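To start, the structure under review is shown below, and the notes come after it.
Laboratory data are not the source of any read-out in this text; all were calculated from the coordinates shown. These numbers were taken from a predicted model, which means no experiment stands behind them. Counting neighbours? That spans all protein chains shown, and the Cβs are built from the backbone with ideal geometry, glycine included.
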Amino acid sequence: MTVTEELVSYEDALAAYDPVMGLEVHVELGTKTKMFCGCSTRLGAEPNSQTCPTCLGLPGSLPVVNATGVESAIKIGLALNCEIAEWCRFARKNYFYPDMPKNFQTSQYDEPIAFNGYLDVALEDGETFRVHIERAHMEEDTGKSTHIGGATGRIHGAVHSLLDYNRAGIPLIEIVTKPIVGAGSRAPEVAKAYVTELRELIRALGVSEARMEMGQMRCDVNLSLRPNGSETFGTRSETKNVNSLRSVERAVRFEIQRHAALLASGGSVVQETRHFHEDTGSTTSGRIKEEAEDYRYFPEPDLVPVAPSREWVEELCSRLPELPRVRRERLKAEWDISDHEMQSVLNAGAIDPIVATIDAGAPADQARKWWMGELARRANEDGVELTALPITPVQVARVCALVVEGSLNDKLARQVIEGVLVGEGDPDQVVDKRGLAVVSDEGALGTAVDEAIAGNQAVAEKIRSGKVAAAGALVGAVMKATGGKADAARVRELILEKLGVQS
Amino acid sequence: MNDKAGVDEAGAMADLTRLTAAETAVAIASGEASAVEVAKAHLDRIAAVDEKVHAFLHIDTEGALRAAEAVDAKRAQGEKLGPLAGVPLALKDIFTTEGVPTTVGSKILEGWIPPYDATLTKRLKQADVVILGKTNMDEFAMGSSTENSAYGPTGNPWDLTRIPGGSGGGSAAALASFQAPLAIGTDTGGSIRQPAAVTGTVGVKPTYGGVSRYGMVAFSSSLDQGGPCARTVLDAALLHEVIAGHDPMDSTSIDAPVPPVVEAAREGRKGDVRGMRIGVVKEFAGEGYQAGVMQRFTESVELLRELGAEIVEVSCPAFDYALAAYYLIAPSECSSNLARFDGLRYGLRVGDDGTKSAEDVTSLTREAGFGPEVKRRIMLGTYALSSGYYDAYYGSAQKVRTLITRDFQRAFGDVDVLISPTTPTTAFPIGERADDPMAMYLADLCTIPANLAGNAAMSLPCGLAPEDGLPVGLQIIAPAMADDRLYRVGAAVEAGFVERWGHPLLEEAPAL
C-alpha cells in the first residue's frame, strides 16, 4: 500500500506549530518465566512449544503473578523516580484478537505499580531535557501472528494466519510519558534521546536486554501539533511499533511534517493508529479510531492485589545499580573529558567497551582513542554496533599496552587491530605473524637517524639553528627508511639529541 | 447411622448404592466389598435409572473401573487407604479432566478433551475417589434449574417433571437417585445449595478460596467456588477435606489450614449445639416464600433451640440488594471470562469454509455455541462494564457487595452462624420459569449473599413441604474460614431430624 502524504518542510512546520509528544514504550522483561505461568520465555523456540493451559487461555486455567516481574517493575519505577503504589491491582483489557488467547489482556489500568516520575535525558549537545513519566505498569505480551496472503501483511485480507503463543504471557512493562512539551524543533532528537536513555536504564537495571531489533523494546509515538502560542493540544496520531532509535526520530519528524501539511491546508488530523515504514521513513494509516475503543477494563478477579511492602521497596531502592546518567557523569570526570566528548562516546555506543578495556588494564585515553577512532570507523564502515566487531576489550587493551610500552606505534597498532578483526588471532599473534614490532634497536635506529641527517643537511641546519619544528621532516625520513616500524617519538628525541638541540 | 450399616444382620451386603460414602469407604477398607464391586453397582444403577434422570453428560466406565481396580490392588498390597478410597463420585462437568470430555453444559465445548486435570480432579484421584463421570449442569453454570444445559434438562428424582435445581442439578440428582454417594458442585450464586435443597441432599459452598478453582471453568471468578455434595453432612465433610486446601496455581486460594470439618461433623452428630448463638435472617421471609418452606424452616429453628442453641433475630438490610448486585457482577465477569470461546483454538468452530474472516468465524461460533441465557448474561455484562456505565453498574454493585460483607461482619459479631431457608420454594416444574428469567433468578435470593461476601454456607434437608411433598432445604451460613461451624450445626440438625423421622429423608423419595 503506497500512500503519498502531503508534507511541508520541517522548518516551515516548526515555524508555525509546536509539537507535543507522548511516548509509550513496551519493554519485555528478561524473567526466566512468563508473567502469569511457569512457561519459559526463551526466544527462538519451536512455535507453541513454550505454552501451558494458562498462557493458552484454556478453560479453567488461572494466572499467578511472577514475583520477579513485579520486582523488575518496581526497579524500573524507582529508576524513573516514580512513586511506587502501596496497593495496586491488575485489570482486564477486553478486546478480541486471535493472538490473545483469552481475548483479554491482563494489564493494569487505573492502578499502575509506578507513577509520577521523570527521566533526565542528555541531548547531543550535552544539554539535559527532563521527560516526565506518567506511569509504568505491568502487563502481558500477546502471541505473535503471521498473516499469510493478502497484500498488507495484516489480518484483513490474509488467506490464513499462523499463531505462535510462545510470546503470549511474556511480562511487559509499559512506560508512558506525560505529554512532552517544549521540545520545539528538537522534538525528534528528544524522542530518540529519551528512548536511548530508557534503553540504557533498563539494561543497567539488568531487567531486560532491551534489544529493539528483537522486539524486546517497542515504542509507540503519539504526536500532535498546536499552533505556536496555543495552550490546547491538537488531535494526535499514534504511530505503532517504531522499532529502532533512528526510526523514533524519523517517525516524529515525519509526523510533524504530515500534521503540519494537513493543518496548514485547512484540513484536520484524524485520530488514528499509524504504521511506520523503515524503508521509506513514512507512516501510513492503520485503523481509524472513530470512537475511543471501549476495552471495558475491570479489576482482574483471578489475581489478588499487589501490595509491595515499604521495606521491600526501600531494599530494592538501596540495591539499585549505578544509573546510566550518574555513571556517565562519573566516567566523564574520571576520563577528564568534555560534555561534548562524552556525548560522542555515548552516541557511538562506546561506553561499555571503553570501560571494559580500561578494566582490562588500558589507560583511559588510550581505550577511548581506539574505540572512538579506528574501531568506530570500522563499525561505521561495516554498519554494525561497536560491540558487534570481532574484537574484545581485552584484545584492545593489549594493543594499548603494546603502544604504551613502545612496541607499537599508532600506525602499527592499526594494522594489529586490522589483523585481529580479520581473524588472525590475538594482538601478540598478529604482531608475530605480520612482523609488526617497532624498531626499538637503538643501534639500528641511530644509524637510520644518522643517514637521514646526512641526506638532509639543509633541514638539519635549520634545526640546529633552533627551528625545532623542522624535525618533522627528518622523522618522516626515518619512518620511511624503517618501513614505519619506528617509534616516532623516540626518533624525534634521537634527532634532536644528535643535533645537540634541547627538545 | 452406623459406619458399618452396609452389612445387614445376616452379613450379606445391602444394596451398595444405598450406603453413605463413609460406610462405603469402611466396607472397602475392611474388604466387605471391593472397590470394583462398588463401582459396578453404581455403574449398573446409572444404566438403570439415568435414562430417566439424565444426571450424567458423560459416563467414564473405563476410568472408573480402572481407578477402582487400583484401590483394590492397593488394599491387596496392604497399603493404607484414604478415608474415601474407592468411593464413587459424580463430578460436575465444569472441572477439567485430562482425557475425559468437559463441556460445561455448552455446545461451544462439545468434543473438547482437556489436556489437563483441575486441581480438584487431581486431589480426588490422589485420594483414590472413583470418578464415575461428569454431571449435567446449566450452561456455564448459569441457571437455577439445569434447563439451560445444551444437552437437555435433568429430572428431579423426587418428581421427574420438576427441576433438580441448578446449575448443579446433575450432581444433586445423581445423589438423590443413588447413582453416586458423593458429588462435586460449584456455587456462584447458589448452584450447590439450591440443588441440594430441592433434591433433599447436602451441599456445601466452602469459604471463597477454600477449594482451588484451577481447572474449574470460570463463570464469575470472584464468586465461583467448588464444593462437596453428599447425602449426609459427614460425607460432605469427608469430601470437603479431600478437595480443600491451598493451591499455588490459584492466587485466590487461601493459604491456611483447612478448618476441621470432619471433626466438627462427628462432634455435631452428638446433637449438642449448646452455647451456640444462631441468627435468623429477618430479610429472608415474607412475600414469595412458600408456606411449607417457612413451616419446615420454623421447625428447624425450634429443633436448634431444643438442641441448646440460642436463637436471635438478625437484620441484614443490604441483603435486599444482593440479587441486583449479583446480576451485575456475575455477568460482567462472565462477559470477559467467556470471551476466550472464539472457535479458534478449541471446541466448536462454525463457518470455517475458507471464505470467512477469523472475526466472522468467531461471531458464527459464538452465535451457534452459546445458549440464550449465556448470551443474555454476556450482553448484560458487556453493557455493565462499558465506559460511561461502569460506575453506575459494576461500580455500584461492588459497593453493595461491600455493604453486604459489612452486614455479615456485624451479624457474626453477635452470632456464630446464620440460618435461613435455602430457597423460597420447593422444586418447580420443568418449563415453568424457563421464559421468565426474573422468576428464575429469585430461586437464588437466599444463597447469593454468601457468595458476594465469600462466606461458607451449607444446605441440608429439613423435611418435605406439606403442600407438595417436596424437599425443603435449611441454609446455614458461617463466617469465612469457619466452615467447621456449618458441619457442627448441620450434623446436629441432621441427627435431630433423622431421629424425629426415624430415617434419612431420601428414604421417602419415590423409587425410579
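Quick look at the values:
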read-out: Axial C-alpha extent at least 20 Å, average Kyte-Doolittle at least -1.0 - helices from chain A (DSSP); value: A:187-205, A:245-264
read-out: Computed E for A:Asp410/A:Val326 - FRET, C-beta separation, R0 22 angstrom, nearest 0.05; value: 0.10
read-out: Pairs beyond 32 Å (Cα-Cα), from B:Lys134/B:Lys282; A:Lys34/B:Lys80; B:Lys52/B:Lys356; A:Lys369/A:Lys467; A:Lys144/B:Lys134; B:Lys134/B:Lys375; value: B:Lys134/B:Lys282; A:Lys34/B:Lys80; B:Lys52/B:Lys356; A:Lys144/B:Lys134
read-out: Global geometry of the protein assembly as shown, whether rounded, prolate or oblate, following the gyration tensor of its Cα atoms and the 1.5 cut on a/c; value: prolate
read-out: Packing rank of A:221-234, B:411-424, where each peptide gets the mean count of other beta carbons within 10 Å, highest leading; value: B:411-424, A:221-234
read-out: Nearest-0.05 FRET efficiency for A:Ala45 and A:Glu385, computed from C-beta distance (R0 25 Å); value: 0.50
read-out: Cα gyration tensor, region B:77-158 - rounded (a/c under 1.5), prolate or oblate; value: oblate
read-out: Phi-based couplings in Hz for region A:167-172 (Karplus 6.51, -1.76, 1.60; Gly and Pro marked x); value: 7, 4, x, 5, x, 10
read-out: Proximal lysines relative to A:Lys192, as straight alpha-carbon distance under 17 Å, when same-chain residues fewer than 8 apart are discounted; value: A:Lys178, A:Lys240
read-out: Net charge of Cβ neighbours under 14 Å - reference B:Asp484; Lys, Arg +1; Asp, Glu -1; value: -1
read-out: Sum of side-chain charges, A:Gln50 neighbourhood, beta-carbon under 13 Å (Lys, Arg +1; Asp, Glu -1); value: +2
read-out: Restricting region A:101-143 to GluC sites (Glu not before Pro) in coil, as DSSP defines it, with at most 13 other Cβ within 10 Å; value: A:Glu127
read-out: Per-residue Cβ neighbour rank within 10 angstrom, fewest leading, B:Asp342, A:Asp12, B:Asp435; value: B:Asp435, A:Asp12, B:Asp342
read-out: Cβ-based net charge around B:Ser212, under 10 Å, with every Lys or Arg adding one and every Asp or Glu removing one; value: +1
read-out: Label-point separation, A:Asp432 to A:Glu86 (7 Å along Cα→Cβ), nm; value: 6.8
read-out: Candidate lysines - alpha carbon under 20 Å from B:Lys270, same-chain residues fewer than 8 apart omitted; value: B:Lys4
read-out: Peptide ranges B:388-397, B:219-228, B:35-44 listed from the most packed, as the mean C-beta count within 10 angstrom indicates; value: B:219-228, B:35-44, B:388-397
read-out: Equivalent ellipsoid semi-axes, chain A, via Cα gyration tensor eigenvalues times 5, rooted, Å; value: 55, 27, 22
read-out: For A:60-70, mean number of other protein chain Cβ atoms within 10 Å; value: 5
read-out: Whole-number percent relative contact order across chain A, with pairs defined as alpha carbons under 8 Å at least 6 apart; value: 14
read-out: Inter-probe distance in nm under a simple model that places probes 7 Å from Cα toward Cβ, at A:Asp365 and A:Ser9; value: 4.4
read-out: For B:337-347, mean number of other protein chain Cβ atoms within 10 Å; value: 5
read-out: Ascending count of other beta-carbon atoms within 10 Å, so fewest first, for A:Phe96, B:Phe428; value: A:Phe96, B:Phe428
read-out: Shielding score for A:386-397, defined as the mean number of other chain Cβ atoms within 10 Å; value: 0
read-out: In region B:257-333, trypsin sites (Lys or Arg not before Pro) in a DSSP loop with at most 13 other beta-carbon atoms within 10 Å; value: B:Lys270, B:Arg274
read-out: Relative contact order [Cα under 8 Å, 6+ residues apart], chain B, whole percent; value: 17
read-out: Farthest positive-ward along the protein assembly as shown dipole, Cα basis, beta-carbon charges - from A:Gly435, B:Ser332, B:Met249; value: A:Gly435
read-out: Within straight-line cross-link reach of A:Lys462, aspartates and glutamates at Cα separation under 18 Å, skipping those fewer than 8 residues along the same chain; value: A:Asp450, A:Glu451, A:Glu493, A:Glu497
read-out: FRET E, pair B:Glu367, A:His132, Förster distance 51 Å, beta-carbon r, rounded to 0.05; value: 0.60
read-out: Region B:15-89 - percent relative contact order, Cα under 8 Å, separation 6 or more; value: 47
read-out: Prolate/oblate/rounded label for region A:289-338 (Cα gyration tensor, a/c 1.5); value: oblate
read-out: Packing-based ranking, highest mean first, of B:159-169, B:323-333 given that Cβ atoms within 10 Å are counted; value: B:159-169, B:323-333
read-out: Residues B:Ile243, B:Ile477, B:Ile192, sorted so that the one with the fewest Cβ neighbours within 10 Å comes first; value: B:Ile243, B:Ile477, B:Ile192
read-out: Pairwise label distance in nanometres, B:Ala48 with A:Lys144, each label 7 Å out on the Cα-Cβ vector; value: 6.1
read-out: For region A:40-106 versus region B:189-259, the gap between their alpha-carbon centres in whole angstrom; value: 28
read-out: Long-range HN-HN contacts of A:Arg167 with modeled amide H, under 5 Å; value: A:Lys144
